[in-house]
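**Q** To start, I am sharing the structure in question, which I have written as structure tokens.
What follows draws every value from the coordinates through simple rules; no lab data is involved. These numbers were taken from a predicted model, which means no experiment stands behind them. Cβ placement follows ideal geometry from the backbone for every residue including glycine, while neighbour counts extend to all protein chains displayed.
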Amino acid sequence: MTLLLDIVTTAAVLFIVSAGLLAIFGVLKIVNFAHGAWLTVGAYCAVVVGGLGLNPWLALPVAFAAGAVLGGVTERLIVRPLYARPLDAILATWGLGIVIGQLVTLWFGRDVQFTESLLPGTIHVLGTSYSLYRIFALGAAVVIGLGFAFLLEGTRLGLSARAIIMNEALARALGLDTARIRLVTFMIGTGLTALAGVLLTPLTSVDPTMGVAWLIGSFMLVMVAGSSFGALAVACLLFGGAQVLVSTFISPILGGITVAVLCALVLRISSKGFARV
Amino acid sequence: MKMPTLFATVASVMLAGSAFAADSDPIRIGVPVGLSGANSVVAPSVVQSAELAVEEINAAGGVLGRPLELVIADDASGAAGAQKAFDSLVFQKEVDVLISMETSAARNAGLPIVSRGKVPYIYTSFYEGRSCNPFLYVNAWVPEQQVPPIVDYLKGQGASKYFLIGSDYAFGRGMLEFARSYVESTGGEVVGEEYLPMDGSDWTAIISKLKASGAEALITSTAGGAPNVTLTKQLRGAGVDLPYANLAVDEGTAKSMGADAAGILISASYVTGIDSAENKAFLDAMAAKFGDELRTPNDLSVPEYEAVYLYKAAVEKAGSTDAKPVLDALDEVSFTGPRGTIQMSKQHHAPLTMYLGQVQEDGSVVVVESFKDVDPGEQCPNL
């Protein structure tokens, strides 16, 4: 039973961490390698909110706002000229990630920072006591997934975004302000990533390099998922599940590379990954 | 370079090695330390310790009438940086002694340079043990000194089944390997032993195994800092409340974990809560000298302070800074400092009083029990 909970909650955490990257990759076809840095920025928002003595939950909206605003600036100054050059964009965002990491170090120092636990304690589910926060993370992942589904399927912005995904030239010819939609999408993506950073704080240490550990995993998952949130959910469940199974029954050291290895295998067999799901 | 400095340098180079080595020239202490890289969190506290010791000794008239001078070099916490740092300190700056806390990789890379340059080297970091070199002295703990107090205490609390969790690297595995053999030699049983890579951040599966294992006590040895905090947060989140001994946590890290750290047992040769006049005087002097800039003194920085005094005592006993007599004197002298009386008399290692501390809700560490003069065992039988 614990194993099942481990699998779904691990998948949930992977989904939360990757969602912002997918939002940007799916619509903009840009791989934001500063993703890890945005997670870090979000987590430090939790540190700042805690340091001001405010309610730790307040860190969620604060991080979303901070991530979105910084993302907006980044899109305008760095990413916008590079939409036609996705490889250069990878390099630019990678560099940006290093710069952000160093700025965080300068500001807060290298030390591990203290953050208040959002939901301490355990809860009895399915006959075992389990971390309350991980159950909450499962709920948060579902909310983020449904929120995105609604945003894409149920709003004007989503309609425009889907139009851009399908045929950008045509969308622009039809009078859509593609530059604005790109800006908003990028801001939502980075805001969401910063929010994910806050959600990570009860699970990991908060330090200037904390985002790096999550970057490769979420990158691989997004490559497999393409531009579909449904596919991302499936990928997280399958590969997160595999990671838990390998860690439990073989070795946690091999478990750590399971996601990357399986994603590479899937992409080798089918270059579109799960994008058709 | 200004002319007078140039002359002074030339003069000191010309005089170096001669019997007339100027009576008032400073004695130079090289401090290769990881100002960048993995040790960069702790390195500033090590430098502060050295600075206080040098200031105190110089204020009291120096050593053999000569002032001490620190020469600090960044070893980047690794082997490649250490080679440069040692090379520059030994052959260009021509320091009289090296005193420093470093990673094992940096120490191993520096030792051949120390042997070639024939300079005494006092290593002030706890480590996995058995590093032997005629020029090397160690005044910090080895596994033989750190692990037994913890296991003995847990056994006294009624634990016989242990679960071991570590980061997958030399120090993590080395500590737990020793812990396993000690547990088994005292009649206990290890019901699980699991590792995650150093940059791993998901301990979920390991924690589920721990909960299912029926263990009565947990001993962890992760890499310092981030992995330690991550593991502890996830343990607490999963509701693990077994007696929990952490071989790799320091007071500063414990503070950053807040309530999650409460109850953790640590074993160290130094905690700030040691109740002695020397420790109180040391802490007051540190606070007065560094004020807001003070980095909390810890098990890696206090040995640095004491090692400077041990070197002073050895030079005074030898009557010179020449390597051979100083090395001969180093295991005969002792110094009573914040950690008690230290003498590196056992195969270039030091018997140490070990403190078993428990982290409190506010992050402070209270000494539960102390173990006097724990022997380092057979470290270097051939020295």
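**Q** Under a 5 Å amide H to amide H cut-off, with H placed in plane at 1.01 Å, what residues pair with B:Met101 once short-range neighbours are removed?
**A** B:Thr124
**Q** How about B:Lys233: which lysines have a C-alpha closer than 21 Å to its C-alpha, ignoring those fewer than 8 places off in the same chain?
**A** Within reach: B:Lys209, B:Lys211, B:Lys255.
**Q** Suppose every K and R has +1 on its Cβ and every D and E has -1 on its Cβ; what is the size of the dipole of region B:307-359 about the Cα centre, in Debye to the nearest 20?
**A** Approximately 160 debye in magnitude.
**Q** Out of the GluC sites (Glu not before Pro) in region B:172-253, which ones are loop residues according to DSSP with at most 14 other C-beta atoms within 10 Å?
**A** Counting only loop positions with at most 14 other Cβ atoms within 10 Å, none of the GluC sites (Glu not before Pro) in region B:172-253 qualifies.
**Q** Here's something else I'd like to know. Remind me, relative contact order of region B:62-192 in percent, using alpha carbon pairs under 8 angstrom and six or more residues apart?
**A** On the way: 162 pairs, mean separation 21.5, N = 131.
Relative CO of region B:62-192 lands at 16 percent.
**Q** While we're looking at this one, here's another question. Just how far, in whole angstrom, is region A:118-159 from region B:297-324 if you go by their alpha carbon centroids?
**A** Cα centres, region B:297-324 to region A:118-159: 58 Å.
**Q** Along the charge dipole of region B:51-97, which of B:Ser88, B:Leu52, B:Val63 sits closest to the positive end, that is, farthest toward it, with unit charges on the beta carbon of Lys, Arg, Asp and Glu (+1, +1, -1, -1)?
**A** Working it through, the farthest residue towards the positive pole turns out to be B:Ser88.
**Q** Give me a comma-separated list of calculated 3J(HN,Hα) values for region B:84-101, in order, Karplus coefficients 6.51, -1.76, 1.60 applied at θ = phi - 60°, integers in Hz, x for any Gly or Pro.
**A** Rounded to whole hertz, the list is 5, 5, 5, 4, 5, 5, 6, 9, 9, 7, 6, 5, 7, 7, 10, 9, 6, 9.
**Q** Moving on. I'd like the mean, over residues of B:204-213, of how many other protein chain beta carbons sit within 10 Å of each residue's own Cβ.
**A** Per residue, the average neighbour count from other chains is 6.
**Q** Region B:36-51 to region A:60-76: how many Å between their Cα centroids?
**A** First find each Cα centre; the distance between them is then 35 Å.
**Q** Under a crude label model (7 Å from the Cα following the beta-carbon direction), how far is A:Leu254 from B:Asn108 in nanometres?
**A** Label at A:Leu254, label at B:Asn108, 2.7 nm between them.
**Q** Can you put A:Met1, B:Met344 in order of Cβ neighbours within 10 angstrom, beginning with the fewest?
**A** A:Met1, B:Met344
**Q** Also, quick follow-up: Once every DSSP H run of n ≥ 4 in chain B is given -39500 (n - 2.57) and the sum is divided by its residues, what mean residue ellipticity at 222 nm do you get, rounded to the nearest 500 deg cm²/dmol?
**A** Values: 12 runs with 150 residues, N = 383.
-12500 deg cm²/dmol, from helical runs alone.
**Q** Take B:His348, A:His124 and order them by how many other Cβ atoms sit within 10 Å, fewest up front.
**A** Details: B:His348 24, A:His124 9.
Ranking B:His348, A:His124 by Cβ neighbours within 10 Å, fewest first, gives A:His124, B:His348.
**Q** What are the GluC sites (Glu not before Pro) within region B:308-383 that DSSP puts in a loop, where the Cβ has at most 12 other Cβ atoms within 10 Å? Don't jump to the answer; show the numbers that get you there.
**A** Working: sites: B:Glu316, B:Glu332, B:Glu361, B:Glu369, B:Glu378; in loops: B:Glu332, B:Glu361, B:Glu378.
The qualifying sites are B:Glu361, B:Glu378.
**Q** Determine the dipole magnitude for region B:172-250: charges of +1 sit on the beta-carbon of Lys and Arg, -1 on that of Asp and Glu, nothing else is charged, the reference point is the Cα centre, and the result goes in debye to the nearest 20.
**A** Dipole magnitude for region B:172-250 comes out near 180 debye.
**Q** Checking the cross-link filter: which lysines have an alpha carbon closer than 26 Å to that of B:Lys324, excluding same-chain neighbours under 8 positions apart?
**A** Within the straight-line limit of under 26 Å, B:Lys324 reaches these lysines: B:Lys84, B:Lys93, B:Lys118, B:Lys312, B:Lys346.
**Q** Grab the beta carbon distance between A:Leu82 and B:Lys317, set R0 = 56 Å, and tell me the FRET efficiency rounded to 0.05.
**A** 0.25
**Q** Run the lone-cysteine check on the protein assembly as shown: no other Cys C-beta under 4.7 Å from the residue's C-beta.
**A** Those would be A:Cys45, A:Cys236, A:Cys263, since no other cysteine Cβ in the protein assembly as shown comes under 4.7 Å of theirs.
**Q** Only counting other Cβ atoms within 10 Å, I'd like B:Cys380, A:Cys263 sorted with the fewest neighbours first.
**A** So the ranking, lowest neighbour count to highest, is B:Cys380, A:Cys263.
**Q** How big is the dipole moment of the protein assembly as shown about its Cα centre under a simple scheme where the beta carbon of each Lys and Arg is +1, that of each Asp and Glu is -1, and everything else is neutral? Debye, nearest 20, please.
**A** Approximately 2900 debye in magnitude.
**Q** Local charge sum around B:Ala43 (other residues, Cβ-Cβ under 11 Å, Lys/Arg +1, Asp/Glu -1)?
**A** Computed value for this residue: -2.
**Q** What percent does the relative contact order of region A:1-117 come to when contacts are Cα pairs within less than 8 Å and at least six residues apart?
**A** Once normalised by length, the contact order is 33 percent.
**Q** I would also like to ask the following. Given labels modelled 7 Å from the Cα in the Cβ direction, how far is it in nm from A:Ile90 to A:Val143?
**A** If labels sit at A:Ile90 and A:Val143, their model points lie 3.5 nm apart.
**Q** Using alpha carbon centroids, what distance separates region A:164-230 and region B:169-184, in Å?
**A** For region A:164-230 versus region B:169-184, the Cα centre distance is 43 Å.
**Q** Could you give the nm distance between label points at A:Val73 and A:Thr209, where each point is 7 Å from its Cα heading toward the beta carbon?
**A** 2.6
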